[in-house]
Each structure stands twice: as structure tokens, then as C-alpha cells.
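The values are calculated or read from the model by the stated rules, or taken from the named source; none is laboratory data. All values derive from a computational prediction rather than experimental measurement. Neighbour counts run over all protein chains shown; Cβ positions are idealised from the backbone, glycine included. Just so you know, the surface numbers come from the protein's heavy atoms only, side chains and all, with ligands and any DNA or RNA stripped out. Shrake-Rupley method; radii C 1.70, N 1.55, O 1.52, S 1.80 Å.
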Amino acid sequence: MKLKTKISLLSAAVALCCGSVGAQTGAAGEVAAPAATPWMNAQLGAEERARLAVAAMTMDEKLKLVYGYLGSDMESKKTTRPAPSHKQSAGFIYGVPRLGIPNLWETDAGVGVASQAGPDARPGTALPSGLNTAATWDLNTAYAGGAMIGAEARAYGFNVLLAGGVNLMREPRNGRNFEYAGEDPLLAGKIVGAQIKGIQSNRIVSTLKHYALNDQETNRTSLNVKIDDRSARMSDLLALQIANVEGNPGAVMCSYNRVNGVYACENSYLLNEVLKKDWGFKGWVMSDWGAVHSTVPAANAGLDQQSGMPFDLADYFGPPLKEAVLNGWVPQSRLDDMVRRILHAMFAHGVVDHPVAPAPQSIDFGAHAAVSRKDAQEGMVLLKNSAGALPLSRSAKKIAVIGGYADRGVLAGGGSSLVYPAGGNAAPELTPKTWPGPVMVYPSSPLKAIQARLPSATVAYADGSDRAAAAKLARESDVVLVFATQWTGEGFDMPNLSLPDKQDELISTVAEANANTVVVLETGGPVTMPWLPKVSAVLEAWYPGTSGGEAIAGVLLGEVNPSGRLPATFPASESQLPRPALDGFPEVADRRFDVNYSEGAAVGYKWFDLKGLTPLFPFGHGLSYTEFAFSDLAASVKGGVVRASFTVKNTGKVAGKQVAQLYVSPLTARWEAPKRLAGFQKVEVQPGAGVQASVTVDPRLLAVFDSASKTWKVAKGDYKLTLAASAADSKAVSTVVHLDAAVYDVNGKPSR
Ligand code: NOJ
């Protein structure tokens, strides 16, 4: 061993152990002068440690930490990734080895460890889509999924997972809805917050993204969202605010779009005012890849790190930022604040004290598959089930499985969040094969999983390309399972809510041939179903992840009682939407236009209630193989805090899980819509038994945001609390509470 290396290893050990004085090896390998390293003392708080480390840094070291690279070669720009980055990864930032500050290795995304395109994709476990996890309405499942993908990120040497997508589903045609958590700010915020918490339990950082109002992909980099402050605070921003509190993410990723005229990554109102001042966010704001447009405006508006270079048109941070600091256009204190925020998150979340290992660690893929499968099974939604079509009878002799590549696997969503499975793509011929593809089919075949469970039945497959052949097979079978898919992904939206590739016609033809037809949907979000009256059952399986085939078979055969509930309204047609035609569609590159969110905070079911529209399936809807009843609803108000208690009874024959949904409607005050989801609780109930549960209501859900005073104001009056199984449950029970006028601060805490 060379003397230099010996010295540096020794000094690193001394520094890590005691936060004392020791020689350090610089980036170029030279031994620097001894430096005190008090920030390595884990007994100190993150704030203090960050402050001490910033004070020890040179300007160039600071500038490095606020400048992110793409972790992949970029052919179109002829750039290669930094040597220490991980192949085909999303991002990389140089740390400060002299001071014991590690590099940041960043990977996408919310369903697992993704890889950028190329020959060296790392195999990973994919959770089902974010929408599926939201459909579980179960924070433990969301946390467990987060903990699992966070463990894979760490095992692959990443200390930042670009997860935490919580853009509200204002637009059911948005190609990225599958990455998010639906249309309700409370449900989405809680679920995504729990997932972030799970990810960060691995002593890595998770992002919360995309901040803010990036709710459609069409022209996402040039469009301008127009929305008033009150409405934003009560919808998209509320989802982010709740997820931020629940998950405490180390970083927030600002989005591509403009909001009220200003790009999100140089939007001082959003970054400095709302996020950092009002919500007290202590971590750092990183840009989305290619979302920066300036140096001075962005830095002063609160952007802390430029990401993914060379995605942006220019180096906005790096040398131009140095120049701006030197000439005073960006105060030195602002640069220090950027760095302090990054370091704060690194210290607070264990990135410095528990460095990731340089080489990949082993992963228990078997255990991780079980986590993914449980999430899928908790989130699949049984939309329709007439005449007990499901669970499938084990005595069925002839079963037809048609379409959806069900002989090979299950669909995944496209774009940067794509996780590559261990077994490779089960349908490599599908196009597009390049961005935002490849269209990925995970090799977990529902057909094979059904065959394995029903060894004495004949389970035959037709791919559905020949409608007549599919109808013939259907006619000859006792029961038909049609698999329908809708591939969605980053960078594009759906032209409409119809299933693509004439699948509606296929389903109709098959259902006409055999009335005992069950439809299994693998979609990115809501779709219309012109064939609905003709089929006996519909199971929405979303994108069910790398164990999806097994998960679907388990639900179809009744091994698992479905308990998913819709996290978004399924419209009957596009004409019911606030924007029947999607703004800017079809996309013309770089077109600048306004998307006017004139529906304000009346998103999803709130819009449908407000306009008196009957959707195809309401928010919160989902059937079970058993029946439930709510009773004993009682509500108390203490110090303005509303608590509702109730009993959930299982009145059917098998054990199952019900999601008790508490909605609140003002009887005298006026809100953006007739009711809001105010709380929820998923409970497991044995047949014949009852379970008591309760829900406490966040005061913000009883209030209206007042932008002038930045407070949440509850109006004096009566409020109806409704305990329901969906937003349109005819068997719901209700009670009325009286509330006195009250004021809560910007974070929903009692105002002093
Ligand atoms: C762009 C996407 O919008 C974002 O979600 C992702 O994390 C980055 N690219 C990095 O791949």
C-alpha cells in the first residue's frame, strides 16, 4: 500500500469515528492540509453539521455540489457520463471527499430502481403503478413498497431516489398518471408521504415531485398553468404539502411547466414563498432534467441544484453561477444556502453517516417480489361483478384467456420510471422500442399463473388479433378472461379515454359470444367501457408490477379478496371533463399556451359533484367478494378537532377489507364543491364480525384557504359527515356536526 493511501484511509477512519482533526485526500488524490471535521460528529443536529461543513468549503466545492450531471452518455449531445456515476442512471453530483461529503448518485423513480436506456439496465423489482398503490388506501402497504425500492436503490449504490410523484390527476388522459396517486389531495398526499418515508428508512434521500402543477405531458416544458392561489393551495399544493409533512423528503424536484407565467424552477413564489417559507422545507430543490432556463432568476428564486446536465440548453449553474456570485447578482449567502440545504438533507437522512457501498450489494429478489405482489393485490379494483362471476369457480373446465399478452406477462408504464425486470422484456417486439419506450411487458404471465392454479382445467389462449378466432374460443369456453391494455408513459398523453387498438371491439365481440366474460384491465388510468353492460365482471389491475401475473391470478381465483378502491373518478366520457379536449393536443413542439385550471380546486369527484355528473365509476368505488355495512357513526368536536367513530361490519361470507371513507359537506358555508374526502381507514373484517374504527379530520379539509392572510378559515356552521364506500354510495350513513369559526395557520396548525 502506498503511503499516501495509508494516510488517507487512516484519516478517514479518524474523521468518521471522532469528528477530529486529520489529513484528507483531495479529489485529485493529493493529501490536503489537516482539517477539522466537526460536521462528522453525528451527535450534532443536521442544521449545525450543514452550517459547519459549508463554512469549511471553498467556492468551487460549493459550485460542484449544486451542479448535477446525467448519469448516462447522451448520444445526441455527444456527452459521456462522469466516471464515478452509475451506468445508465439518472443523475450524479460530485461530493467533497476532502470533507467526507459523498457523491450523490441519483436514480429514478417511484415504482423501483429504473435504468436509462442502453445495454446495461440493472434488473429491479417494480412495484405496481403509483395509482395502484393509491388504490390500496393503505399507508402500511405504501410504506412497505417504499422501503423495498429504497433498499434496492441502496443496494445498487444510489443515495437519492427520484420518487415521490404526487401530481394531482386533473387530467385523466395524462400519460404519467400511473406514476402518481390520483385526484384527491388527502389520499395522494398521505400515500406518497408514506412511500417517501419507507424509501428514506434506508438512509437515502427521496424526492417529492413534480413541483408543481405539471398535470399533463403535452407541451409540459412550454405550457403555462393558470390557477388562483386559493385553488392551488386547496388542491395540487395541498397534496404536496401533506406528502411533505408525512414523508419529510430530503429534496423537492421542481417541474418543467410555467405556473402563472413563471417557470416552476425559477418561480420565487412557489419555491421561496410557499415551499421554503410557508411550509418550512429545509431540504433542497433540484430541477427536473432540462427544466432550468436561467442563472440569476433561478438561483434567486430558490432553485438549489441544476440537475441532469447536459439536459438544459446551457450551464446555468457552474461557471455562470460563479460569475453571478462574484459580481453580486446572486448573493454569496444564497449560494451558501443552496449548499447548506443539500448538506442538511444529506446529514438528516443518513447519506453521510451511512455511505452507500461502491459495488452493488445482493438483493433478496424473492422477498421483494412478495412486497410488490402484496401491493398489487391490495390495489386492484373490482369494478363490476355480476352474478358472482368472480372469484372464478374452481370447477370451471374450459377457460379462455384472450389478449393483453397475458400468455407472456403484464404491462408497465413508459418513460424515466421504467424498471427493467430480471427476466427481460416478455414482448420485445412491441413499439416504440426507444424513448419513451421500450414498451415493457414484465415476464409474469397471468395465463401461466392461472394454469398453475387450475391443473385440471383447460386454459386456452388467443392473442385477440383475430377477432373471429377469439369469439370462437369464447363460445367454446365456460368462462372468458379478456385482458385489455393501455400503454401510457412519460412525454405524451392519451388522445382520449378509449382503450387503444380496437380492444373495445374485441371485448364486445367476445362478450357477445359468451356472456360469462370477465375483463381484466391493465391501464395507466381511467378508461371508458362501452362494452360494460355486456360483460359479467371487470377487474382494474393497473400496471401490476413485476409479480403482476401472480397477483392477478390470486385475485381472480379468490385467494385474495380484492380491496382496492378507485383513487380517481372513471368518467363516462371525455365530455364530462373540465376540459373535454386536452389543451395543446396533439402536441406541436415548444408551443406556448395557457392551460386555464378554471375548475380551481374542484378536481375529480369534486367536479363531478359540482356539475351533477354521473361518472362511469365514482372515486372510492371498489367491490369485494364479501359485503360490508357501516353503523354507529358518531362524531365529536373538541377544540375544533372533528373525530368520527364508527363500526364496519362484514355481512358476507368471507373475510375482506373495506375502506371507510369519511366525506364532509358544508351545510351553510360554500366550498369549491359539495363535499371533500376528510379521512379514511382501511379495515380487515372477518365474516359476521364488526370492527370499530375512527378518523380524525385535518382542519384544512374543513376550511377554505385565505391567500391574503395565509390562513385556513373554518366558517361557523353545520357540516354533514358522511361515511361511505365511495363518493357516490347510496348506502352511506351520515351525521351533522356544528363548528365554530376557527383560523389555522398556513400549515393547518391552530393560529395563535
Ligand atoms: C424527467 C422526469 O420528469 C423526472 O420525473 C425524472 O426524475 C427525471 N427526468 C430524471 O430521469
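Residues that are within 16 Å of the ligand (Cβ to nearest atom) and more than 16 Å from His86 (Cα to Cα) within segment 151-168 comprise Ala163, Gly164, Gly165, Val166, Asn167, Leu168, listed in sequence order. When only residues in segment 288-304 that are within 16 Å of the ligand (Cβ to nearest atom) and closer than 13 Å to Tyr263 by Cα count, which is most open to solvent (accessible area, probe 1.4 Å)? Residue satisfying both the conditions and the ranking: His293.
Suppose we keep only residues that are within 16 Å of the ligand (Cβ to nearest atom), part of a loop (DSSP other than H, G, I, E, B) and β-branched (Val, Ile, Thr) within segment 190-235. Which one would you say is nearest to Gly679 (Cα to Cα)? Residue satisfying both the conditions and the ranking: Ile204.
Yes or no, residue by residue, for (1) over 23 Å from the mean Cα position of the chain (by Cα); (2) open to solvent by 30 Å² or more (accessible area, probe 1.4 Å); (3) touching a residue at least 40 places away in the same chain (Cβ under 8 Å); (4) on the phi > 0 side of the Ramachandran plot:
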site: Gly600; (1), (2), (3), (4): no, no, yes, yes
site: Gly604; (1), (2), (3), (4): no, no, yes, yes
site: Asp609; (1), (2), (3), (4): yes, yes, yes, no
site: Thr614; (1), (2), (3), (4): yes, yes, yes, no
site: Gly620; (1), (2), (3), (4): no, no, yes, yes
site: Asp632; (1), (2), (3), (4): yes, yes, yes, yes
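Listed by position, the helices (runs of 4 or more DSSP H) enclosed by segment 305-418 include none that has at least 2 residues that are within 16 Å of the ligand (Cβ to nearest atom) and without any contact (Cβ under 8 Å) to a residue 24 or more places away in the chain. Looking across Leu418, Leu411, Leu343, Leu326, one residue alone is surrounded by 24 or more Cβ atoms within 10 Å (Cβ to Cβ) and assigned by TED's automatic domain parsing to the domain that holds Ile204. It is Leu343.
Residue pairs whose Cβ atoms lie under 6 Å apart, separated by 6 or more positions or on different chains, with the first residue in segment 471-492 and assigned by TED's automatic domain parsing to the domain that holds Ala114 and the second within 16 Å of the ligand (Cβ to nearest atom), do not occur.
Annotation note: of Leu481, Leu506, the sole residue that is under 30 Å from the mean Cα position of the chain (by Cα) and either open to solvent by 20 Å² or more (accessible area, probe 1.4 Å) or away from the ligand (no atom under 16 Å from the Cβ) (or both) is Leu481.
Scanning segment 170-178 for residues that are aromatic (Phe, Trp, Tyr), closer than 25 Å to Ser115 by Cβ and either touching a helix residue (DSSP H, G or I) at 6+ places or on another chain (Cβ under 7 Å) or away from the ligand (no atom under 16 Å from the Cβ) (or both) turns up at least one hit.
Consider Ala264 carefully, then state whether it is in contact with a Phe, Trp or Tyr (Cβ under 6 Å, 6 or more places away or on another chain) and under 25 Å from Leu161 (Cα atoms). Judged against the criteria, Ala264 is not a match.
A single member of Ala406, Ala387 is crowded, with 22+ Cβ neighbours inside 10 Å, in the same structural domain as Pro432 (by TED's automatic domain parsing) and farther than 30 Å from Ala46 by Cβ, and it is Ala406. Selection within segment 243-254: residues that are without any contact (Cβ under 8 Å) to a residue 60 or more places away in the chain and crowded, with 24+ Cβ neighbours inside 10 Å. The member of this set that is farthest from the chain's Cα centre (by Cα) is Cys254.
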